[in-house]
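Okay, so here's the structure we're looking at.
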Amino acid sequence: MHIAVALLTDAPAQMLPARSMMAFTLASHIILVPLGVALPLITLVMHGYGLRRGDPDALLLARRWSAVMAVQFAIGVVTGTVLSFEFGLLWPGMMGRWGDVFGIGFGVEAWAFFLEAVLIAIYLYGWRRLPPRTHFLLGLPLPFAALLGAFGILAANSWMNTPRGFTLDSAGNPVDVKIWKAIFTPMFGPQYWHFVVAMFVTAGYVVAGVYAVGWLRGRRDRYHRLGFTVPFTVAAVLTPVQFMLGDSIARQVFHKQPVKFAAMEIVWNTDTHVPEYLFGRLHPDGTVSGGIKIPQLDSILAGFRPDTKVTGLTSVPASDRPTATQATITHFAFDAMVFIGSLLLLLALWYGVLWLWRRRLPTSPWFFRGAACAGVASVVAVECGWITTEVGRQPWIVYENMRVADAVTSTRSTALWITFGIVVAVYVFVFGSFLVVLLKMRTRWRLADEHSGPATPGETPETDTPYGPRSAVAAADTARTGGDGPSSAPGGRP
């Protein structure tokens, strides 16, 4: 019988709905994560620039971005809460046995989440009620709270990839837990910094992409120029850094999780002088079809020498490794991530070289088309990175210590499928509402700009808030244009 079919037949009926639900909710939540982790810092960079230069355009952008940040955080509360419940409901075997070892990461994330909520509330409150410098200083802890949340989640996930900090008793249960070793596993450093920089790169390109679209539509004032330049510069500077971090984490996977590395590179037999396949499909008999084969490159990338030995999938029994289909999915996701990263690097180099050479932005429409697409492309790259991490670890939920099949819930599969359908419906509503709110905010801000320009002449930049009273003049303007409700002055309530 086909190996994949045989393994699927042996798996509990709950496996497919449980994994499908977890994959869907995680893939949905991770769309919001870049803005949650990186937008606070990007907003504060713009805020600090505005205060230092006395620039009302910069302060207006910071106010509006803080409103987006608050809405995004509210949506993230919903999706993050669902995920936290799913760990206990779908994978009780893992949480019951291993929760005492790696659960500290979730505790850290929960505290960081609470702290971030408080800090966002203070930051929004302060736009009108606090002196500008005090307000800015009170916002400075926000990025650290966001990074602390990422610390907790990545500590838990890196432990699942390289579990440490415990010993097993005669019954196979973990005892003598050492918290620091469980947090700072061999994969934690590379995985954490690769993830964090990816969030800043993605958020930078997403925010800049909005203003790149505006540029392509003829909005080339200073407001749009500044809104594009600051986040794109953050992303462009960090893109080559991300490339180096990506190489570092791939090398760590090669040493610490050799079977996962074999899945990423679809290596069937352990050997030297291993070729690199760009895309391509692995078959159950070990053959590869499609893709582009580059002789010896995989060994060179792994160890800088063509005679570097690369562990193959057949080095372990079939029950202890990803199936050919899972390996192909991992390989495609990994190659897609690298391909998108390479395109983003070229875009960043285009921007950087022209800026260093002539101190100006590129003027080619093709550059701004690429910048407009870069945000979506970087989100896809983040999704591919998580697919690589999670699918490549199969069949282990705790690498080499517990299989996914041993951790799954005993709840009937029918109930899980019904729950999955409810979750999908809720997420469609939540993300649809998020999109509607963002579009309404954009419409109100645009009406405000058309009425009085990006900043009212003579007005102190911090006299209004993203959530404050709506302007009566702007409200009348909205009524005349057939808007859905009262509009706001620049930075007015979305």
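The values are calculated or read from the model by the stated rules, or taken from the named source; none is laboratory data. Everything numeric here is computed off the predicted structure, so don't read it as measured data. Virtual Cβ from ideal backbone geometry, glycine too; neighbours counted across all protein chains shown. The area values use the complete protein model at the heavy-atom level, side chains included, leaving out ligands, DNA and RNA. Shrake-Rupley method; radii C 1.70, N 1.55, O 1.52, S 1.80 Å.
Rolling a 1.4 Å probe over the protein heavy atoms gives the range 327-417 an accessible area of 48 Å² per residue. Compute the angle between helix 365-391 and the longest alpha-carbon principal axis of the chain, please, reported from 0 to 90 degrees and rounded to the nearest 10. The angle comes out near 40 degrees. Here is the result for the range 354-413: no chymotrypsin sites (Phe, Trp or Tyr not before Pro) lie in DSSP coil with at most 15 other C-beta atoms within 10 angstrom of their C-beta.
Could you work out what % of the accessible surface of the chain is carbon and sulfur, using a 1.4 angstrom probe and leaving DNA, RNA and ligands out of the count?
Details: 15090 of 22460 Å².
Carbon with sulfur: 67 percent of the solvent-accessible area.
A 1.4 Å probe run over the protein chains yields, for the range 25-172, 39 Å² of accessible area per residue, whole-number rounding.
Using the Cβ-Cβ distance between ASP221 and PHE429 with R0 set to 51 Å, the FRET efficiency from 1/(1 + (r/R0)^6) comes to roughly 0.90.
If the segment from LYS293 to THR314 were pulled out straight at 0.36 nm per residue, it would be longer than the present Cα-Cα gap by 5.5 nm. Computed from Cα atoms, the angle from the helix 188-216 axis to the main principal axis of the chain rounds to 40 degrees. Kindly identify the chain as rounded, prolate or oblate by the Cα gyration tensor criterion: order the square roots of the eigenvalues as a ≥ b ≥ c, call it rounded if a/c is under 1.5, otherwise compare a/b with b/c, prolate if a/b is larger, else oblate. It is prolate, given that a/c is not under 1.5 and a/b is the larger ratio. With a cut-off of 16 Å on the backbone N, the residues of the range 361-382 near the modelled label site 7 Å out from ARG442 along Cα-Cβ are 369, 371-377.
For MET244 and LYS181, the FRET efficiency from 1/(1 + (r/R0)^6), where r spans their Cβ atoms and R0 equals 35 Å, is about 0.85. Between the Cα long axis of helix 324-358 and the first principal axis of the chain there is an angle of about 40°, rounded to the nearest 10. Once the Cβ-Cβ distance of ARG305 and VAL380 is raised to the sixth power relative to R0 = 22 Å, the FRET efficiency obtained is 0.10. Placing a pseudo-label 7 Å from each Cα along the Cα-to-Cβ vector at LEU343 and TRP193 gives an inter-label distance of 2.8 nm.
If the segment from ALA13 to ARG369 were pulled out straight at 0.36 nm per residue, it would be longer than the present Cα-Cα gap by 123.5 nm.
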